[in-house]
Amino acid sequence: MPIPLEIDFRNVERTAALEGVLRKKVGKLEHFCDRITSCHVTLEAPHRHHHKGGRYQVHIRLSVPGKLLAVSHKTGGQSHEDAYVAIRDAFSAARRQLEDHVRIMRGDIKTPRPRPRRRKNAE
């Protein structure tokens, strides 16, 4: 079943090529989790005043039952001059988050239980 997808372009010209790449990348996420209920992708070039071309940022919000996964691929100075590289890196991060979520839901990753506290002797 296709994932309900919203694509926003901010300060970037909407082209069929960019939209096609985004749709293809979202479709590949279905291989890792078939329970994605919605996806919202924003491709943004916020600053037009750089000397070396535009810096692209990609924001992805994935809804899965019980959780909202968000990838904002601009943290740590991770902005890119090539929109396709920014898209690739953002979807790689989204795939990793989605894989981790699926592992936790399956029970492959166990969450540690808190250790019982030791009581002091009341002497």
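The values are calculated or read from the model by the stated rules, or taken from the named source; none is laboratory data. Not measured: the values here are computed from a predicted model. Quick reminder, even Gly has a Cβ in these numbers, built from the backbone with ideal geometry, and neighbours come from all protein chains shown.
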Tell me which residues, restricted to region 2-32, are under 15 Å from the mean Cα position of the chain (by Cα), charged (D, E, K, R) and assigned to a helix (DSSP H, G or I).
ARG23, LYS24, LYS25, LYS28
Scan VAL41, VAL85, VAL102 and give me the residue that is outside any loop (DSSP other than H, G, I, E, B), among the β-branched types (Val, Ile, Thr) and modelled with pLDDT of 90 or more.
VAL41
Looking at region 15-32, I want the residues that are under 11 Å from PHE91 (Cα atoms) and have a partner that is among the small types (Gly, Ala, Ser) and at pLDDT below 95 with Cβ atoms under 8 Å, at least 6 apart or on another chain. Which pairs are those?
LEU29/ALA94
